[in-house]
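Bear in mind that the values in this text are calculations on the coordinates, not laboratory data. Note that the structure is a prediction, hence the values are computed from the model and not measured. Cβ sites come from the backbone with ideal geometry, for glycine too, and all protein chains shown count toward neighbours.
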Amino acid sequence: MVLLASALLLIAVLQLLPERDFQRARDAEHLVEHTLRVLRASAQLLTTVEAAEAGQRGYLLTGDKLDLEPFETALSNQAPARRNLRQLTANNSRQQARVARLDKLVETRFSELSRIIGLSQAEGRSAALAAVATDEDRRVIFEIRDLLSDLEQEEYELLPVRTKAAEAKANHTRWILSALLMTMLAAGGAVSERDVSNHQRDLEAIRNSEERFRTLADAIPQLSWMAHADGWVFWYNQRWYDFTGVKPQDTVGWGWQSVHDPEVLPAVLVGWKKAIADGEPFEMVFPLRAVDGAFHPFLTRVMPMRDQAGKVVRWFGTSTDITAQRMTEDALRENQQRLRVAQQVARIGTFEWNLQTGVKQRTPELEAMYGLPPGGFDAGRRTWLDLVHPEDREQADRHMQEALETGSFEAEWRVNWPDGATHWLFGRAWVFQGDTGKRSRMIGAVVDVTARKQAELEVLRINGELERRVHDRTIQLEAANRELEAFAYSVSHDLRAPLRGIDGWSLALLEDYDSLLDEGARQYLNRVRSETQRMGHLIDGLLQLSRVSRGEMKFHRVDLTALANTIAARLRDSQPERSLEFVIEPELVASGDGRLLEIALTNLFSNAVKFTGARDQALIEFGRVEQDGEMAFYVRDNGAGFDMAHAGNLFGAFQRLHKASEFPGTGIGLATVQRVVRRHGGRVWADGCVNRGATFSFTLGASS
């Protein structure tokens, strides 16, 4: 009985110990699992940032919005990823400090990526590509990677400590369970089967800890693996096997070499063995062969896992596929090369001024525009203002200062080359702000416009010469007009008086000496009178032609239909014995000088009436038709017509295609029509056929 009582008492005491040890074991196991979750969260954040970088560059290169989807997805995922990492490291002040810095850097980077995308959409891909891949951009992404690397390093250092503690707790718990089991056996089975089952389940949970670690490691996007302190690899995650397609038994130990590029493998081995010897982290980019046989570039990071004494006990490595990043970088580099070639061909110089550090970068094309060799600015310790023409220096400096305030400038200025030549430059620049709202850099482009300016100066010189010639010709024209006016006055007064005398004295002879004149004398005198009267009509035609050419034009809206009806009525009244039919299209209007247009239509209608004199029924039409893409007016008749072989002579002064005995006239009418039409900016032409009528068409420039 005493032995049984002692056993029961020992069992009771030992039952209290496993509960406490199981709890400690579970706590240690949770710490291991927590460390793996932190590592996974860190990897997810880095993957999100790199996906955003690749998405942005892909969009800048192609302009296709489909290529922007990785960036948009990363943009929506980055806040939850940062929040998850912040929550997981809440119990570690050092990690929290890193996460706080990461938050600011990630927000800065995504803000800059979004700004560049907006710049591409607003100003084009060339402006956006010129703004990427700066030193500031590289500094931010490198700092993000360094912070995550430091964060992971601390977790890797905690991992073996926590793993060892968990294993120690598990071993201690196993010893307690064994003692308890032996005691229960010694006590004759005094412990219930239910209690043993509970302890066995807790032991099974501890054994499952390693399996959960494997599950978490398989879930991260990178290829990952673990090795002993001597570099012997004993475990890979599932992603490694999926990517390489090799079997587990083929990669244990140093079998990983089979998926490496033979040309690069020696350098990898040197780096890896040095890391093992020094006990320091190892990082390198090298290709790995995929299951399809193609090599992909990977960024591999290996971190040492140390015990409490600082000794390396294991290595944990991850390999991140950077194929998309490399393709984007290669495409960006190729695009920059194209841009560089384009700048060289187009002779465009560019510059970038870091407003924070004062560092300026200039392309050789820009330095050549100032007459300097490559590096000439730095070698001579000169600023661009030093070479600006003294008369333009103050204005150029003012434009630069205004750009720093307003964000951009556009200006022209002259520069003095070392050889004494003067060149004109035209430039544009834009100022960009950093995350703090302060001006960070200025980017600009400059072209040499000397040839254009010389052409402009030549045009100004030619214009001045033309203006001088126009002035001289105007004076000559005014003199000619005065002479023409004097001639017209002379014709109107000096020539008319003798003609009136000849006609009057001829009439006096016919009237006073009619009985003394025979029939031949009378005919001679009548012919003299007829010729003097015809000469008077010619003088009237010349005066009218002169007035048409010299008079000031007054443009207004002219109702051509009403004007034509008035002329037609006047012609009917002048020849009541004839059957004249006028067909006039309604609502014909034009912009022009009404007085001149009346003269032109009167001549055309009178011509039509004259040349239909042999017709019993004269038909005269006035209308409008589209001719060669423009609207033209026409006067058509069914009269005598003309031979088209002589159509070129119709509009010359005193040119006639018919005998005066057949159709009287002066030959001035159509020349007058042509002068009127030309003064309106139009043209006139004729179509006809002998004995089948004629059509005279004309335009009035824009007014028709």
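General remarks:
- Cβ crowding within 10 Å averaged over residues, with 677-683, 329-335 ranked highest first: 677-683, 329-335
- Per-q log10 I(q)/I(0), segment 552-698, q = 0.09, 0.10, 0.18, 0.20 Å⁻¹ (Debye; single scatterer per alpha-carbon; no solvent): -0.26, -0.32, -1.11, -1.39
- Evaluated at q = 0.15, 0.16, 0.17, 0.23 Å⁻¹, a Debye calculation over the C-alpha positions of segment 228-337 (equal weights, vacuum) places log10 I(q)/I(0) at -0.70, -0.79, -0.87, -1.37.
- Computed extension gain for ALA379 through LEU265, at 0.36 nm per residue and net of the alpha carbon distance, reaches 36.6 nm.
- Net +/- balance of residues flanking HIS423 in space, Cβ distance below 10 Å, scoring K and R +1, D and E -1: +1
- Here each label is just a point 7 Å from Cα along the line to Cβ, and for ASN92 and GLU511 those points are 13.8 nm apart.
- Between the alpha-carbon centres of segment 65-107 and segment 424-470 there is a gap of 46 Å.
- Net charge of neighbours whose Cβ lies under 14 Å from the Cβ of GLN617, counting Lys and Arg as +1 and Asp and Glu as -1: -2
- In a DSSP loop and with at most 12 other Cβ atoms within 10 Å, the GluC sites (Glu not before Pro) in segment 568-643 are GLU577, GLU587.
- Site pair MET327 and VAL359 shows an inter-label distance of 3.2 nm when each label is modelled 7 Å from Cα along Cα→Cβ.
- Cut-off 14 Å between beta-carbons: net charge of the residues surrounding ARG578, Lys and Arg +1, Asp and Glu -1: -1
- Taking segment 359-448 and dividing mean pair separation by its residue count, relative contact order in percent (alpha carbons under 8 Å, at least six apart): 22
- Potential lengthening of the chain between LYS273 and GLN575 amounts to 96.2 nm, from the contour at 0.36 nm per residue minus the alpha-carbon distance.
- Residue exposure sequence - ASP103, ASP448, ASP230 - by fewest surrounding Cβ within 10 Å: ASP230, ASP103, ASP448
- Ordering of 516-526, 691-701 by packing [mean C-beta count within 10 Å, highest first]: 691-701, 516-526
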